[in-house]
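As structure tokens, the structure follows; a few thoughts come after it.
The values are calculated or read from the model by the stated rules, or taken from the named source; none is laboratory data. Everything numeric here is computed off the predicted structure, so don't read it as measured data. Glycine gets a Cβ as well: all are built from the backbone with ideal geometry, and neighbour counts include every protein chain shown.
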Amino acid sequence: MSCGHVCREEDGVLDLRLDASFDTLLDVEEYDAAHHVTDGSARILARLYSDIVTGKGKAATGKVLEIGAGSGNLTCGLAEHSEFAEIHCSDLSPAFMRLLCQRIKMLSCRNTVHFYLLDANELPFVPGSFDFVFGHSILHHLAHFERAIAAAYRVLKPGGIAVFGEPVMDTNALISLAAGTIRMMETVRPVPAFTRREQAILEVVARRSAEKRANMEGDRDALRQIEDKFMFALADMRHLAKELGFSDFDCISPHVGKGYGAAVKAGLVQIFRQCAIDPAKLDPYQAVFENLELTMGPVADRHPVGMFSYFVFVK
């Protein structure tokens, strides 16, 4: 540890919080169900994060610090299905950490697992302590997420890699555009394709990207009681990586098909399934996605990113 803070340990969890009054806004008991976590997703996530770092030329071994471990989906996958030597998992919430500890005890771990209660914005470790810093769906919960990325830079070894799975503004803004267009077209159809509930969901999706951008540009401290605060634009994250001193930045979107039209439709299909809406209801609006493809195609100079993708920072 790099500070003189006196911490306590309980049931194998080291409490490194400087302010124990902060806690998660998430529903611990309902988190997995609400976020569609399945039994097989831990193995898939572990393989994904391992493949990302090996794709950057680093062996998927060494020491990992995970921030915002939550219910432990990524943690359990790394502990049971990866070759990393040590997994140091952390979260702000004592309830989440108790749940995670219970789950880890039930696994046949292939590596050493350590547990911490701490604030991801304040990582009290010696600089250069870790080969990797991972976070899955955590940055968009943090009002000042830049501090967490800066802290990750500090605790990474030279050449170390930080990977964060997060919602990406670039594609989500196009999803909002498509949802708004479909909602507007619904108003002139003789027989609407969507129920009132489904129309309301389309309206929420249509507004969502603008609301997240307003959160980013507004009073961050006023967002404390908002769970999902942000979506992240690639240009902003690339600029932040350079500003913090990272040598390289990338955004990786596994399983995203070619073309923005296809990527946007896939995003809406995913939202529909989560909201129990038949994705076939999008079929009459295929022209929306085709027109989007024609509009974006000539100016796109890269593979389209998914609505949820992986930001990769190399120190």
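Each row is one residue, and each column tells you yes or no for (1) among the hydrophobic types (A, V, I, L, M, F, W, C); (2) out of contact with any Asp or Glu (no Cβ under 7 Å at 6 or more places or on another chain); (3) in the same structural domain as Pro158 (by TED's automatic domain parsing); (4) at pLDDT below 95.
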residue: Thr54; (1), (2), (3), (4): no, yes, yes, no
residue: Lys63; (1), (2), (3), (4): no, no, yes, no
residue: Glu66; (1), (2), (3), (4): no, yes, yes, no
residue: Gly70; (1), (2), (3), (4): no, no, yes, yes
residue: Asn73; (1), (2), (3), (4): no, yes, yes, yes
residue: His81; (1), (2), (3), (4): no, yes, yes, yes
residue: Leu92; (1), (2), (3), (4): yes, no, yes, yes
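Can you tell me which residue among Arg110, Arg147 is out of contact with any His (no Cβ under 9 Å at 6 or more places or on another chain), over 20 Å from Lys56 (Cβ atoms) and surrounded by fewer than 16 Cβ atoms within 10 Å (Cβ to Cβ)? Quick ask: steps written out before the conclusion?
Values: Arg110 fails: out of contact with any His (no Cβ under 9 Å at 6 or more places or on another chain).
Exactly one of Arg110, Arg147 is out of contact with any His (no Cβ under 9 Å at 6 or more places or on another chain), over 20 Å from Lys56 (Cβ atoms) and surrounded by fewer than 16 Cβ atoms within 10 Å (Cβ to Cβ), namely Arg147.
When Phe272 is tested against the conditions (1) closer than 30 Å to Gln199 by Cα; (2) modelled with pLDDT of 90 or more; (3) surrounded by fewer than 13 Cβ atoms within 10 Å (Cβ to Cβ), the lone failure is (3). Scanning segment 239-253 for residues that are charged (D, E, K, R) and surrounded by 16 or more Cβ atoms within 10 Å (Cβ to Cβ) turns up just one, Asp250.
Do the conditions hold for Phe230, that is, is it in the same structural domain as Ile175 (by TED's automatic domain parsing) and buried (at least 19 other Cβ atoms within 10 Å of the Cβ)? Quick ask: steps written out before the conclusion?
On the way: in the same structural domain as Ile175 (by TED's automatic domain parsing): yes; buried (at least 19 other Cβ atoms within 10 Å of the Cβ): yes.
Yes; evaluated as a whole, the condition is true for this residue.
Would you point out which residue out of Ala95, Ala79 is in contact (Cβ under 8 Å) with a residue 24 or more places away in the chain, farther than 24 Å from Ile149 by Cβ and surrounded by fewer than 20 Cβ atoms within 10 Å (Cβ to Cβ)?
Details: Ala79 fails: surrounded by fewer than 20 Cβ atoms within 10 Å (Cβ to Cβ).
When all the criteria are applied, what remains is Ala95.
If we scan segment 259-281, do we find a residue that is of a type in the set (Asp, Glu) and under 15 Å from Ala173 (Cα atoms)? No, segment 259-281 has no match at all.
Among residues of segment 104-130 that are touching a residue at least 60 places away in the same chain (Cβ under 8 Å), those with a beta-carbon under 7 Å from a residue that is assigned to a loop (DSSP other than H, G, I, E, B) and polar (S, T, N, Q) at least six positions away or on a different chain give the pairs Pro124/Ser2; Phe125/Ser2; Val126/Ser2.
Filtered by the rule that a residue be among the charged types (D, E, K, R), without any contact (Cβ under 8 Å) to a residue 24 or more places away in the chain and touching a Leu at 6+ places or on another chain (Cβ under 7 Å), segment 171-230 gives a lone residue, Arg183.
For Arg154, indicate whether it is of a type in the set (Lys, Arg), surrounded by fewer than 23 Cβ atoms within 10 Å (Cβ to Cβ), outside the structural domain of Leu234 (by TED's automatic domain parsing) and more than 26 Å from Gly306 (Cβ to Cβ). The answer is yes for Arg154. Residues that are over 17 Å from the mean Cα position of the chain (by Cα) and outside any helix (DSSP H, G or I) within segment 65-96 comprise Ser82, Glu83, Phe84, Ala85, Glu86, Ile87, His88, Ser93, listed in sequence order.
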